[in-house]
Amino acid sequence: MKRSLLKEIFKEELKKLFEANELNIGDRIEPEAEPTPEPDQPQSTLPKEQPLQNISKLEAAQKIRETKGKMLTVTFIKRTNGQKRVLNGRLGVKAYLVGGILRYNPNEKGLIPIKDNNIPGRAGYRMINIKGIVNLKTGGVEYNVV
């Protein structure tokens, strides 16, 4: 009995809306949504991106050497096959060295030895070609190497 009474009341309310031209045939009747309040602060709290600083290849090599064991990311072109490579690592890691010394001086060949963090164990040591450095990120600052 309650259901039929509600249907009758609903029909009467619809008739009133049609007669007052507040409702057209085919309109959907949905409950009114409460407006969401506008936030006082912007949604993103990330710092604004700063434009990349341009530095020379020698300045990039100097910045890499100045990291003194802190994390860095370097994008460079490999000498052997010309592929672009991204290396995430740090200098001065001696944990996996096996007592041998290099037969050459990497500085004389324009190379910087770095331990790649993405490769575990002693196989993770890589050489960065100074002439091939394209991009460098160290200390939260990203540099474009020209």
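Points to keep in mind about this one:
- For region 108-120, Karplus couplings with θ = phi - 60° (6.51, -1.76, 1.60), whole Hz, Gly/Pro x: 5, 9, x, 10, 10, x, 9, 8, 7, 6, 7, 10, x
- Under 5 Å between amide hydrogens, built in the peptide plane, is the criterion, and for GLY110 it picks out nothing among residues at least 5 positions away or on other chains.
- The simple Förster model, with R0 at 30 Å and r as the Cβ-Cβ distance, assigns LYS84 and VAL141 a FRET efficiency of 0.90.
- ASP116-LYS94 pseudo-label distance in nm [points 7 Å out on the Cα-to-Cβ vector]: 2.4
- Among LEU6, LEU52, LEU111, a tally of other beta-carbon atoms within 10 Å of each Cβ gives an order, fewest to most, of LEU6, LEU52, LEU111.
- FRET efficiency, 1/(1 + (r/R0)^6) with R0 30 Å, evaluated for ARG103 and ILE77 via beta carbons: 0.80
- Compared with the direct C-alpha span, the chain from TYR125 to LEU6 gains 35.0 nm at full extension, assuming 0.36 nm per residue.
- Here the gap between GLN53 and ARG65, fully extended at 0.36 nm per residue and compared with their Cα-Cα distance, gives a gain of 2.5 nm.
- The amide H of ASN135, built 1.01 Å from its N in the peptide plane, has THR75, VAL145 as neighbours under 5 Å, considering only residues 5 or more places off or on other chains.
None of the figures in this text is laboratory data; all of them are computed from the coordinates on show. Because the structure is a prediction, the values reported are computed rather than measured. Backbone-built Cβ (ideal geometry, glycine too); neighbour counts: all protein chains shown.
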